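The values are calculated or read from the model by the stated rules, or taken from the named source; none is laboratory data. Only a predicted model underlies this, so the values are computations on that prediction, with no experimental measurement involved. For neighbour counting, all protein chains shown are included, and Cβ atoms are generated from backbone atoms with ideal geometry for every residue, glycine included. Remember, those area values only see protein heavy atoms, side chains included, never the ligands or the DNA or RNA. Shrake-Rupley method; radii C 1.70, N 1.55, O 1.52, S 1.80 Å.
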Amino acid sequence: MELLGKKIVLGITGGIAAYKAAELTRLLLKQGAEVQVVMTEAATHFVGPVTFQALSGKPVFTDQWDARMANNMAHIDLSREADLILVAPASADFLARVAQGQAGDLLTTLVLARDCPLLVAPAMNRQMWENPATQRNAATLAADGIAILGPGCGEQACGETGDGRMLEPAELLEEIIAFFQPKVLAGRKVLLTAGPTFEALDPVRGITNLSSGKMGYALARACRQAGAEVLLVSGPTGLPCPRGVVRVDVTAALEMHQAVLAKAAASDVFIGVAAVADYRPATPAERKIKKSAATMQVDLVKNPDILADVAALPKPPYCVGFAAESHDLPTYAEGKRVNKKLPLVVGNLITDGFGGDHNTVVLFDAAGAHPLPTASKAEVARAIVAAIAERLA
Ligand code: C5P
């Protein structure tokens, strides 16, 4: 529940993307938000208010003169308690009216009378979006501090392809969750590694490990949500790249080493979350190895330690390591911190196995051990980001 207790007014204007607002309502509720839907009259031609009433569990307002508000102040009361107003889809007409400060219907009046942030997700035909008038209006809204989410590019209901698609409900949800996070890493460049590495034995086989990449991806997402520019160097995982994060896919430790060292000096923070293979086959076979012999030996050579190499740079970024141990966590984690010359190590006991959605970690720094409460990887990631930001300041 990443939006627990948040009060969101969801404004819906007239556009075919209005049907996607139903899914968005469901996603917001699933994350614990309270959603008050307000529709323009045009929006009701695309989807009926009953749909949103059923999904949100609240009456839907469409009319400024709605008699349900005892004081007839719907335009003020509906947004007074809100943490934000999100208008999705936001039509070209709606953007134009807000840019001008018009208040001809309930939604625009509500927007004009708001004392909370406003986010809009434009949705319209590509030529309507590209029209200088719409661009001018969007620029006015941005200058007024209104966040414009998207639009995305792609196929449109009219059959044309271009800019103007509303962001998908899941993308909008990510934007809303990010909106509520404190921007403690604004202006910082964060480089991370995540996932396992795969060390080839031959063209089809190799040595790898059970790292799921979930913790590293959760951290990349949390850093992005905290306002950082994030580059994620990832081993093979199959996880989707977090929104707004730039990902470089690698396979073997040597590739990961090269990709990281190319960017490390220009980064403010480096977080090594990847479970990098300690060894790789010395000479991977060029052709598939056949199973003729009863036994076989594979010579392994040591991989470079990516984290230690970054920490040894003349002007290293703030380096954070991970230590996943089966026992004696404090001794091993603190040992790694000192040996690799790291200001911070995140330690955890591998009692729950790999790949879970929760984690229990302890932070180790020069001042000692700082246990964090067991929580989802998303929450643990946020706590780690907060700890890094505090130490950077
Ligand atoms: O030494 P050990 O592998 O236990 O250290 C774990 C930490 O070091 C993790 O942060 C991991 O990402 C990093 N590491 C690395 N390159 C290696 C081995 C570990 O960056 N070759």
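Listed by position, the helices (runs of 4 or more DSSP H) contained in the stretch 65-141 that have at least 2 residues being in contact with a strand residue (DSSP E or B) (Cβ under 8 Å, 6 or more places away or on another chain) and touching a residue at least 40 places away in the same chain (Cβ under 8 Å) are 74-80, 92-100, 106-112.
Considering only residues that are on the phi > 0 side of the Ramachandran plot and in contact (Cβ under 8 Å) with a residue 40 or more places away in the chain, which ones fall in the stretch 354-382?
The initial filter retains those residues of the stretch 354-382 that are on the phi > 0 side of the Ramachandran plot, namely 355, 368.
Gly355, the sole residue that qualifies.
Residues in the stretch 263-311 that are within 24 Å of the chain's Cα centre (by Cα) and open to solvent by 80 Å² or more (accessible area, probe 1.4 Å): Lys263 alone.
From the list Val345, Val338, the lone residue that is assigned by TED's automatic domain parsing to the domain that holds Gly195, among the β-branched types (Val, Ile, Thr) and open to solvent by less than 30 Å² (accessible area, probe 1.4 Å) is Val345.
Enumerate the pairs (first residue in the stretch 148-168 and over 16 Å from Gly14 (Cβ atoms); second residue anywhere and β-branched (Val, Ile, Thr) and surrounded by 15 or more Cβ atoms within 10 Å (Cβ to Cβ)) with beta-carbon separation below 8 Å, excluding pairs fewer than 6 apart on the same chain, so at least 6 apart or on different chains. Sorted first by the residue in the stretch 148-168, then by its partner, the pairs are Ile148/Val120; Leu149/Val120. In the stretch 277-284, the condition of being under 25 Å from Val346 (Cβ atoms) and of a type in the set (A, V, I, L, M, F, W, C) is met by at least one residue.
With respect to (1) assigned to a strand (DSSP E or B); (2) more than 16 Å from the ligand (Cβ to nearest atom); (3) open to solvent by 20 Å² or more (accessible area, probe 1.4 Å), the lone exception for Gly154 is condition (3). Taking the stretch 312-327 as the range and being at pLDDT 95 or above and exposed (fewer than 15 other Cβ atoms within 10 Å of the Cβ) as the test, the residues that pass are Ala312, Leu313, Pro314, Lys315. When residues in the stretch 327-348 are screened for being part of a helix (DSSP H, G or I), closer than 20 Å to Asp309 by Cβ and of a type in the set (Val, Ile, Thr), 1 of them pass. If you go through the stretch 157-167 and keep only what is closer than 20 Å to Thr25 by Cβ and open to solvent by less than 20 Å² (accessible area, probe 1.4 Å), you end up with Met166, Leu167.
Among the conditions (1) closer than 30 Å to Ile388 by Cβ; (2) in contact with a helix residue (DSSP H, G or I) (Cβ under 7 Å, 6 or more places away or on another chain); (3) surrounded by fewer than 17 Cβ atoms within 10 Å (Cβ to Cβ), the only one that Val184 does not satisfy is (3). Residues in the stretch 328-370 that are over 29 Å from Asp268 (Cβ atoms) and within 12 Å of the ligand (Cβ to nearest atom): Ile350 alone.
Matching residues to (1) at pLDDT below 95; (2) not polar (S, T, N, Q); (3) not assigned by TED's automatic domain parsing to the domain that holds Leu167:
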residue: Ala18; (1), (2), (3): no, yes, no
residue: Thr25; (1), (2), (3): no, no, no
residue: Ala42; (1), (2), (3): no, yes, no
residue: Val47; (1), (2), (3): no, yes, no
residue: Ala54; (1), (2), (3): no, yes, no
residue: Trp65; (1), (2), (3): yes, yes, no
